Each structure stands twice: as structure tokens, then as C-alpha cells.
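The values are calculated or read from the model by the stated rules, or taken from the named source; none is laboratory data. Since the structure is predicted, the reported quantities are computational estimates derived from the model, not experimental observations. FYI the Cβ positions are ideal-geometry reconstructions off the backbone, even for glycines, and counts take in every protein chain you see.
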Amino acid sequence: MAFGDISVEINGQEQAGQVKIWYGSKTGLNATRGMTKITQASARIPDDPEELDYFGFDVAIGDVNGNGRAELAIGITGEVVASKREAGMVVVIYGDAKGIVTSTARIETFTQNSSGVQDDPETHDFFGGSLAFRDFDGDGRNELQIGALFENALQGSVTILDGTTDGLSGQFSQTYTAKNTGIGDQPARYGLALDR
Ligand SMILES: [Ca+2]
Ligand SMILES: [Ca+2]
Ligand SMILES: [Ca+2]
Ligand SMILES: [Ca+2]
């Protein structure tokens, strides 16, 4: 189970945000293992905690490479990308036998500058504002849906990255917007709620 908490002050930076992870056990939450906290100050997590980063604005858990270990995706909607304020970024931490351990895990970041992700980082895109894993093609590996809530004057967009044996791939990614799905040119905030 993972929870995002964006109201927390990290290293003196207000609303930098953090994510708390509790592991399960046969009898409920694993109290022995306790809670793990992840922030942008954690080992090997890209960038730093900054004011209004909103790290953990949304979180999602799913297995993208089909190895039986869950990955953790974290939205950082307030992150500055290419000098654009609140363009937003997503961090994916791959799960392994130890769980989600940032000091050793494979870690990837996605922005609208990443290959296969349509559009460009712009001010107030809020990329990563909604996240969900779902196996759309039924191959046993989850695709990751990423909402950019305020893309194009609040119209919103959703990008889907393919789950492969090598992890998430932008190669066959698709981006849907309010416009190209027939909702039209209006502030629909397309992608605000994703089917999990
Ligand atoms: Ca940051
Ligand atoms: Ca996995
Ligand atoms: Ca954009
Ligand atoms: Ca799949």
C-alpha cells in the first residue's frame, strides 16, 4: 500500500511532498517491517525536494515487466521541467525481492520530454497528476497511464506507456486528449480520474 502526502515540509521546503509505503502480510499490514518514507531527498531519487513540488500528488502500484514484483509510480506534478513551472514528472521505482528500495532499485523518470511521450513540458501541465496501471493488451504486464491534468488550458491528456519484459516503453505509447477523443475543445480536465 502506498500513500502520497503532499502537504509535508521536506528539508524546509513547503509542500515538497512524500510517499509512505506499508507492506502487507497474511494478517494485514506488516508492522514488523514498518513504514518506508520516500521523498526527493531519498537515495537515488532524481531532483531535490523543493517548495510546491507535490511529490506524491498521485501514486500507483503495478507490475510492468511481469516478474511478480510491483513497481511504484509517483507523480510530482509541481516539478519544474525544462524551466517550465508545474510541468510535472513521474518517477517509477521498480520492485525487487527487497520490495521498493530506492538505494538499489531500478529508477526511471518520465516527463513530456521523454521519448514516446507526446507534447512538450509546459507551465502548469500537471503531468503525473493521475496515475494508474492496467494491462490493456492482456499480456500479463501492466501499462502505465499518466494524466497531465491541466494540459492545454485545462483540457487534459492521458499518455499510456507499454509494459514490456524490459520495463516501461514509450515505443508504442499513445496520448489521448479531450480533443482527439471527441469531447471537444473545452476545459474537460481529461484524465482526472483513471480506470484502475
Ligand atoms: Ca523537485
Ligand atoms: Ca515488476
Ligand atoms: Ca504539455
Ligand atoms: Ca500489457
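Assorted remarks:
- Search result, residues across the range 124-150 that are part of a loop (DSSP other than H, G, I, E, B) and closer than 19 Å to Leu192 by Cβ: His124, Asp125, Phe126, Leu149, Phe150
- Look at the range 53-81: where a residue is within 26 Å of Ala97 (Cα to Cα) and a partner is basic (Lys, Arg) and not in a loop (DSSP other than H, G, I, E, B), sitting 6+ places away or on another chain with Cβ atoms under 9 Å, you get Gly56/Lys20; Gly62/Arg134.
- Residue match in the range 177-196 (condition: under 16 Å from the mean Cα position of the chain (by Cα) and of a type in the set (S, T, N, Q)): no
- Matching option when the condition is within 16 Å of ligand 1 (Cβ to nearest atom) and either among the β-branched types (Val, Ile, Thr) or surrounded by fewer than 22 Cβ atoms within 10 Å (Cβ to Cβ) (or both), among Thr111, Thr159: Thr111
- Candidate set: the range 44-93, residues that are assigned to a loop (DSSP other than H, G, I, E, B) and touching a Ser or Thr at 6+ places or on another chain (Cβ under 6 Å); chosen: the one nearest to Asp139 (Cα to Cα): Asn65
- Matching residues in the range 120-136 - criterion: being within 16 Å of ligand 3 (Cβ to nearest atom), on the phi < 0 side of the Ramachandran plot and either surrounded by 24 or more Cβ atoms within 10 Å (Cβ to Cβ) or within 9 Å of the chain's Cα centre (by Cα) (or both): Asp125, Phe127, Gly129, Ser130
- The listed residues are Val101, Val80, and the only one of them that is farther than 20 Å from Val158 by Cα, modelled with pLDDT of 95 or more and surrounded by fewer than 19 Cβ atoms within 10 Å (Cβ to Cβ) turns out to be Val101.
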